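**Q** Dropping the structure in here first, questions after.
The values are calculated or read from the model by the stated rules, or taken from the named source; none is laboratory data. Since the structure is predicted, the reported quantities are computational estimates derived from the model, not experimental observations. Glycine gets a Cβ as well: all are built from the backbone with ideal geometry, and neighbour counts include every protein chain shown. Remember, those area values only see protein heavy atoms, side chains included, never the ligands or the DNA or RNA. Shrake-Rupley method; radii C 1.70, N 1.55, O 1.52, S 1.80 Å.
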Amino acid sequence: QVQLVESGGGLVQAGGSLRLSCTASGGIFAINVMGWYRQAPGKQRELVATITNTGYRNYAESVKGRFTISRDNAKNTVYLQSNSLKSEDTAVYYCLYRNSGLDYWGQGTQVTVSS
């Protein structure tokens, strides 16, 4: 069973930066997709960014140019560097591990951006 442990959320002022981390363990396959989704109060969960094990990246339009996703395959860890944060980035951020059509989710980490 895949387990995901997230860290790095918190409170930051608008224009600031945060770095989220997520480490996967248990039944990890080399070919996979990892990434981040987020869910704001009263809204559906939405894509932030994903990255494949070969480094292909996909970003939501709302974060392009501000957020950077990366990963360390040796550590089964994915990172999200979030810069120029805006109040609308406030949400619970969930880590994703995807393999063979199955999605596994982390417990979520709160990111709050104050204006």
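**Q** For Ala74 and Leu11 in one chain, what is 0.36 nm times their gap in residues minus the Cα-Cα distance, to one decimal in nm?
**A** 19.7 nm
**Q** Could I ask something else about it? Dipole of the chain (Lys/Arg Cβ +1, Asp/Glu Cβ -1, origin at the Cα centre): which of Gly27, Gln13, Gly101 lies farthest to the positive side?
**A** Gln13
**Q** Next question. Given Ser114, Ala74, Trp36, which one lies farthest toward the positive end of the charge dipole of the chain, if we put +1 on the Cβ of every Lys and Arg and -1 on the Cβ of every Asp and Glu?
**A** Ala74
**Q** If you roll a 1.4 Å probe over the heavy atoms of the protein chains, what accessible area per residue do you get for the chain, in Å²?
**A** Value returned for the chain: 53 Å² of accessible area per residue.
**Q** Starting from 0.36 nm per residue, how many nanometres of slack lie between Gln110 and Arg57 once their C-alpha separation is accounted for?
**A** My answer for the length gained is 16.8 nm.
**Q** In terms of solvent-accessible area of protein heavy atoms at a 1.4 angstrom probe, what is the ranking of Glu46, Glu88, Glu6, Glu61, highest value first?
**A** Numbers: Glu46 85, Glu88 120, Glu6 15, Glu61 140 Å².
Reading off the accessible areas and sorting them downward yields Glu61, Glu88, Glu46, Glu6.
**Q** Using Cα pairs closer than 8 Å and at least 6 residues apart in sequence, work out the relative contact order for the chain, in percent.
**A** With pairs under 8 Å counted, the relative contact order is 36 percent.
**Q** A further question follows. Pop a pseudo-label 7 angstrom from the Cα along the beta-carbon direction at both Gln39 and Asn83 and give the gap in nm to one decimal.
**A** Roughly 3.1 nm, to one decimal.
**Q** Against the globular-protein guess of 2.2 N^0.38 Å, express the Cα radius of gyration of the chain as a ratio, rounded to two decimals. Don't skip to the answer; put the middle values down first.
**A** Numbers: Rg = 13.4 Å, N = 115, 2.2 N^0.38 = 13.4 Å.
For the chain, the normalised Cα radius of gyration is 1.00.
**Q** Report the accessible area of Thr112, computed with a 1.4 Å probe over the heavy atoms of all protein chains in place, in Å² rounded to the nearest 10.
**A** 50 Å²
**Q** Please give the length that would be gained between Glu46 and Phe29 if that part of the chain were fully extended, namely 0.36 nm times their separation in residues minus their C-alpha to C-alpha distance (nm, one decimal).
**A** 3.7 nm
**Q** Just the number, please: carbon plus sulfur as a percent of the accessible area of the stretch 1-72, 1.4 Å probe, no ligands or DNA/RNA counted.
**A** The C+S portion of the solvent-accessible surface of the stretch 1-72 is 50 percent.
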